[in-house]
Amino acid sequence: MYDVCIVGSGAGGGMAAYTLTQAGADVVLLEAGAPWDNAKDSAMLTWPYESPRRGKSTTERPFGEFDACIGGWEIPGEPYTRAPGTEFSWWRARMVGGRTNHWGRISLRFGPYDFKRKSRDGLGDDWPISYEDVAPYYDKIDRLIGIFGSKENLPNEPNGVFLPPPRPRCHELLVKQAADRLHVTCIPARLSILTRPLNGRAACHYCGQCNRGCRVNANFTSTNVLIAPALATGKLTLLTNAMAREVLVDSGGRASGVVYVDKTTGADRRVRAKVVVVAASALETARLLLNSTSSFFPNGLANSSGTVGKYITDTTGTDVAGFIPKMMDQVPHNHDGVGGMHLYMPWWLDNAKLDFPRGYHIEVWGGAQVPSYGFLGGIHRYPSGGGYGKQLKDDYRRYYGATIGFSGRGEMIPNDDSYCEIDPRTVDRWGIPVLRFHWKWTDHEYKQVKHMQETFRALIADMGGQVFSPMPTAEQGYGIAAGGVIIHELGGARMGDDPKTSVTNRWCQAHDCKNLFVADGGPFVSQADKNPTWTILALSMRTSDYIADQMKKGAL
Ligand SMILES: Cc1cc2nc3c(=O)[nH]c(=O)nc-3n(C[C@H](O)[C@H](O)[C@H](O)COP(=O)(O)OP(=O)(O)OC[C@H]3O[C@@H](n4cnc5c(N)ncnc54)[C@H](O)[C@@H]3O)c2cc1C
Ligand code: SF4
């Protein structure tokens, strides 16, 4: 009998394991994937030509052979389905550390407005908590994990406890100049990468390969920043290849443990625990709860409101890239940096003057990066580019680093047509029923993405550049990425004060089952125009502190 059983070892589960073991709890952590350790297994500092595939993707590594994440859009034997007419893609990691092995490490706090959007524009719902409830936890994770950035005192982009940001590179300086001319706020990025040594971890040496996993642990992974210290306490039992099938309940309707499939043998096993924390990633968590049926919970565990799997969202997104003639024939110089942007643009406009609610931030990419498979593909799109032999080689040198791109990442408002449910006809290779997705964007999102496209094109034009692709039409949804493609899926177990309309309370504790907690993106009430992981981490720490406190008081 453990004190706590946690399902999933990504951002949310890793933080719960860290916080609860520090508090002295005996914890078992079930992880569906295999072990993988960025300090040993990463392909950092490997040249593309050292790979027989030149780094090209494999089935289990769709973002390239050297990418750190094992998993992807499709996992053999683990399908998901879509309702007719639904476009939705679901990226799943299957490894210790989950998607924190290769995430972009853009680490943005939600701001005060983001917790209270309904009060501001009447759409969606407010969170039952406010920025002030989460702020102390954001501060703690800034100090524990490390984040660079700059204090800008913007109203809805709170300052953090920042390490110094890296200086902008050549292409980013051009972007900054254009943004200033067009009055788009452009500030140093906020990434959980160490620019100074912290808590025994080395500072970044600017090799730019964060997505491969960092051998010196200078960026954040759940594996080495949270789970390793949790294991060092002697209080954590980590079970890998352990795919949770169902959360068990006892005769009083309390969670009593978890049944999981030992993927190495295919046999079912069970662990017993006084408290269960589900952190399998928002949608896997909805699936696990819906599959945990019993006489107490015939419609799924913690689902008396019928809202498990509802109010799910993804970030809106679209990209535009262009060729910047000013940047060709560059004098070779040092462009080294972190594996991500050094500058970004937070939301800067007033919705009262726009035809859509909410906003988006802009991510910047391009410049001279380490060449990888497919590098400078499509060179015929550059003026007189392409050809054969010497001319082709000269063109590669000339155009190397002369591309800049922008990605918009914006807020979707939950709607009744976007949800997931159990597909009654399909099971995975372990016999576990799978999710079926329903998805619809509304005019709010289409108009927002149209604005992104227009802004990015204006920025590229201001730099004297040429955009590679024509403006997408209304019929093409203005280039909006399909649901799930931005990989920021949230909701499905949203928090609220009313048990009739929400799954968890303000502590991410199930209304229906007091010793069951959700510690991933499931309890999110709204998306915000920020990437979600810093908030998943902060909420997981807050929830874990609450569990430790309640256990001490004998209330669980
Ligand atoms: C390419 C990429 C870039 C990203 N960039 C950013 C970014 O810059 N900023 C940002 O904020 N976010 C980013 N994200 C999103 C970020 O990775 C997620 O928000 C975050 O990892 C979610 O944490 P989690 O713990 O909920 O889930 P995960 O990290 O996905 O971890 C879930 C874990 O649970 C395990 N699991 C699932 N089901 C079961 C089961 N039934 N039993 C046992 N274990 C199970 C999985 O194997 C996995 O290890 C990015 C994601 C991707 C893929
Ligand atoms: S850029 Fe820095 S943090 Fe990223 S892999 Fe290289 S050394 Fe590690």
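Ranking 170, 528, 490 by Cα position along the charge dipole of the chain, where only Lys, Arg, Asp and Glu carry charges on their C-beta atoms, puts 170 farthest toward the positive end.
Using the 1.4 Å probe convention, the accessible area of the chain works out to 39 Å² per residue with neighbouring protein chains retained. A probe of 1.4 angstrom, applied to the heavy atoms of all protein chains, finds residue 183 with accessible area near 150 square angstrom.
Determine the dipole magnitude for region 343-482: charges of +1 sit on the beta-carbon of Lys and Arg, -1 on that of Asp and Glu, nothing else is charged, the reference point is the Cα centre, and the result goes in debye to the nearest 20.
660 debye
The separation of region 180-209 from region 233-280, counted between C-alpha centres, amounts to 38 Å. Taking 16 Å as the cut-off, no amide N atom of region 508-530 comes nearer than this to a point 7 Å along the Cα-to-beta-carbon line of residue 552.
Close amide-amide hydrogen proximity is noted between residue 29 and 6, 237, 238, 239, each under 5 Å apart and 5 or more residues distant or on a separate chain (H modeled in the peptide plane; Pro and chain starts excluded).
Judged by the gyration tensor of its Cα atoms, with axes a ≥ b ≥ c, region 430-545 is prolate; a/c meets the 1.5 cut and a/b is the larger of a/b and b/c. For the listed peptides 389-399, 96-106, a ranking on the average number of other beta carbons within 10 Å per residue, highest first, reads 96-106, 389-399. Under 5 Å between amide hydrogens, built in the peptide plane, is the criterion, and for residue 488 it picks out 315 among residues at least 5 positions away or on other chains.
If you average 1/r over all unlike Cα pairs in region 315-429 and invert the result, what Kirkwood radius do you get in angstrom?
Here the Kirkwood hydrodynamic radius works out to 18.0 Å.
Heavy-atom surface analysis with a 1.4 Å probe gives region 435-556 a carbon and sulfur content of 52 percent of its accessible area.
Between region 503-556 and region 361-402, how many Å separate their Cα centres? One Cα centre to the other: 46 Å.
Keeping all protein chains in place and using 1.4 angstrom, which order do 524, 375 fall into by accessible surface area, from largest down?
375, 524
Using θ = phi - 60° in the Karplus curve 6.51 cos²θ - 1.76 cosθ + 1.60, the 3J(HN,Hα) couplings for region 117-123 round to 5, 4, 5, 8, 10, x, 9 Hz; x is entered for Gly and Pro. Computed with a 1.4 Å probe on the full set of protein chains, the accessible area for residue 546 sits at about 40 Å². Loop-located trypsin sites (Lys or Arg not before Pro) in region 149-192 (DSSP state not H, G, I, E or B) with no more than 14 neighbouring Cβ atoms inside 10 Å: 151. Whole-Hz Karplus values for region 371-381 come out as x, 10, 3, x, 4, 6, x, x, 5, 5, 7 Hz, taken residue by residue from phi with 6.51 cos²θ - 1.76 cosθ + 1.60 and θ = phi - 60°; glycine and proline positions read x. Is the shape of region 123-173 rounded, prolate or oblate, going by the alpha carbon gyration tensor and its root eigenvalues a ≥ b ≥ c, with a/c under 1.5 for rounded and a/b larger than b/c for prolate? Oblate, since a/c reaches 1.5 and b/c is not below a/b. With all protein chains in place and ligands, DNA and RNA left out, the 1.4 Å accessible area ranks 552, 40 as 552, 40, largest first. Rounded to the nearest 20, the size of the Cβ-charge dipole of the chain about its Cα centre is 1000 debye, with Lys and Arg at +1 and Asp and Glu at -1. For region 26-39, the Karplus equation 6.51 cos²θ - 1.76 cosθ + 1.60, evaluated at θ = phi - 60°, returns couplings of 8, 10, 10, 10, 9, 10, 5, x, 8, x, 7, 10, 4, 5 Hz by residue, with Gly and Pro reported as x.
Kirkwood hydrodynamic radius of the chain, from the reciprocal of the average inverse Cα-Cα distance over all distinct pairs: 24.1 Å. For a straight C-alpha distance cut-off of 18 angstrom, the aspartates and glutamates reachable from residue 500 (same-chain residues fewer than eight places away being disregarded) are 125, 126, 416, 512. Dipole orientation for region 400-495: of the candidates 461, 434, 473, 434 has the Cα lying most toward the positive pole (charges on Cβ; Lys, Arg +1; Asp, Glu -1). To the nearest 10, the accessible area of residue 364 is 10 Å² with a 1.4 Å probe.
In terms of distances greater than 32 angstrom between alpha carbons, the cross-link table entries 151/235; 326/450; 140/553; 176/447 yield 151/235.
The values are calculated or read from the model by the stated rules, or taken from the named source; none is laboratory data. Values in this document were obtained by computation on a predicted structure and should not be read as measured data. Using ideal geometry, Cβ is built from the backbone for each residue, glycine included, and neighbour counts are taken over all protein chains shown. Accessible surface is based on the protein model in full, side chains and every heavy atom, while ligands, DNA and RNA are left aside. Shrake-Rupley method; radii C 1.70, N 1.55, O 1.52, S 1.80 Å.
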